[in-house]
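Below is one structure, written out as structure tokens; the observations come after it.
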Amino acid sequence: MNSADTAWMLVATALVLLMTPALGFFYGGLVRAKNALNTLMMSFAALGCVAIAWALLGYSLAFAPGGAWLGDLSRSLLRGVGLDASGSIPHVLFMAYQGTFAIITAALISGAVVERMRFRAYLLFLTIWSLVVYAPIAHWVWGGGWLATLGALDFAGGTVVHVNAGAAAVVAALSLGPRKDYGRQAILPHNVPFTLLGAGLLWFGWFGFNAGSALGANAIAALAFVNTMLAPAATLIVWTLLDLRRAGRVTAVGAATAIVVGLVAITPAAGFISPAAAIVLGGVAALPSYFTVLWRPRTRLDDSLDVLAAHGVGGTVGAVLTGVLAQKIWNGTANGLLFGAPLQVLVQIAGVAAAALYSALGTMLVLRGLALFMPLRVADPGHEGSGLDVGQHGEEAYGSGEGAVLVLPEATPAVAAPAAAPAGERA
Amino acid sequence: MKLVLAIIRPEKLTEVLEALFRAEVRGLTINRVQGHGGETERVETYRGTTVKMELSEKVRLEIGVSDHFVEPTVRALLRAAQTGEVGDGKIFVLPVERVYRIRTGERDEAAVTPVG
């Protein structure tokens, strides 16, 4: 056990936990005002459901010994997860740190189903998905599963978190179908400052996500930290140039998106490549995501907040480039294509394909299963038009409180105020 | 000349604008308003406080039109703003005494005829 490592991992865990509310604001700003609370709640709900599912079962399925495909139940209900060391930090801390990853991965999918999914169906989906889809893939890569044995490099979750969430998002968007206004009306962000705020806080939290994945306060953590700073910076610059070239104006939503794309892309590579390579990786990663963002709205795929473009495509580019740019003199473990290990790229591609395939199939099964018991979408007509905040939560994000009549607990109902009704409306 | 005053659901505004433009009605003003009609009130809860929201968000359109444009305007509004549920709103057609276009000083019919 090492005090410095423990101290850093305590901070890193809190940083990663902050990413989920940050994601809520990133997504919340991109939807219409009438769905702002619902979208934020989709992220906040993961802080409850997924955290408890992880502690009770998910952690064991992902990190207990088990086999190549899945852990076992030996750590379920946190049995044997105590104060003894796991690596150089307490086992409970390792469990909590990994739990924050499960939370944000599940919350990422919400971007594909906003403005139409029934909240209670979403809560069940989130919980089951974190156990059935996230935990096995985490086991493959980090729990001693088959992708780890194969030698796939995934420093902080390019495949486990981002390719996984991206594939799940596509399937979820297809399963639910597009919003009723999609492709018929302009659906615009209602609060771009929220989106920028969310992107900024995501970046801050991502230092815990990537540098924390070194699982200690050491030189690899410092490398991952610096790469997490430089790669999104390069993505931001390239995105800016693409915006300038296409429309002559640099957009704020574009900048927020670029930061997330850069962060996603550096995630698998953070502790494996040099800072100079991180700049290259960040810059290159802007291109495929930028063009996916432009292409997607022309299709009937209502992946509303572009989870595919940011996380699926960004994660794939990052994972593949990890296999190109990895350098043993920096990471001490593996080289990539440019440094004499050409086969590493193939291993990376296999990892991405396996994660995407399993995630897509698993997500489809979870949603099909849920659909047997309950509707997945809010009732139409009415609910989608008037917004999910009032319909699903009985609250408004920006209510003025005017015209609200207090319902007293034991009062006889319907204290109507006829004087308040404008005469014209009664005619 | 008439003033067509319509109160509609906010989520129907885009459809209504499209219908009006298709009917070649191009001059209008909109306002976000709150009103009370026949719809059942929404119940909202904030911690221990439960309230009935007596006022609903609506959009009010004011459209000054010459007489032969009244029917097309009203028809476009009826078609585009309707959901069939209580709370779709109202259309009022009011007489107008005089209209001026500020830019030119044109009056009445000329003032509400779109610039060709």
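Listing for the model above:
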item	result
Backbone HN-Hα couplings from phi across region B:17-33 [Karplus 6.51/-1.76/1.60, Hz, Gly and Pro as x]	4, 4, 5, 5, 5, 5, 7, 6, 8, 10, x, 7, 10, 10, 9, 8, 10
Degrees between helix A:164-176 axis and first principal axis of chain A (Cα, 0 to 90, nearest 10)	30
Label-point gap, in nm, between A:R249 and A:L343 - each point 7 angstrom along Cα→Cβ	5.3
Nearest-0.05 FRET efficiency for B:V86 and B:Y46, computed from C-beta distance (R0 22 Å)	0.30
Coil-residue trypsin sites (Lys or Arg not before Pro) of region B:74-116, DSSP, other Cβ within 10 Å capped at 14	B:R98, B:R103
Amide N proximity, region A:2-46 versus A:L123 label position 7 Å along Cα-to-Cβ, cut-off under 17 Å	A:37-46
Computed [θ] at 222 nm, helices only, for the protein assembly as shown once each DSSP H run of length n ≥ 4 contributes -39500 (n - 2.57)	-16000 deg cm²/dmol
B:Q34 long-range amide H proximity, modeled H, under 5 Å	B:K58
Pairwise label distance in nanometres, B:E106 with A:L70, each label 7 Å out on the Cα-Cβ vector	7.5
Student exercise, chain A dipole from Lys, Arg, Asp, Glu Cβ charges, in Debye to nearest 20	800
Relative contact order %, chain A, counting alpha carbon pairs below 8 Å whose residues are six or more apart	22
Amide hydrogen neighbours beyond the local backbone of B:F92, cut-off 5 Å, H modeled	B:L5, B:A6, B:I7
FRET efficiency estimate (nearest 0.05) - Cβ-Cβ, A:H393 to A:L83, R0 41 angstrom	0.55
Lys, Arg +1 and Asp, Glu -1 on Cβ, resulting dipole of region B:2-112 about Cα centre, debye, nearest 20	240
Sequence-distant lysines (8 or more away, or on other chains) whose Cα lies within less than 17 Å of B:K58	A:K34, B:K12, B:K90
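Values quoted throughout were computed directly from the atomic coordinates according to the rules given, and no laboratory measurement underlies them. Please read all numbers here as calculations on a predicted model, not as lab measurements. We place every Cβ from the backbone using ideal geometry, glycine too, and count neighbours over all the protein chains shown.
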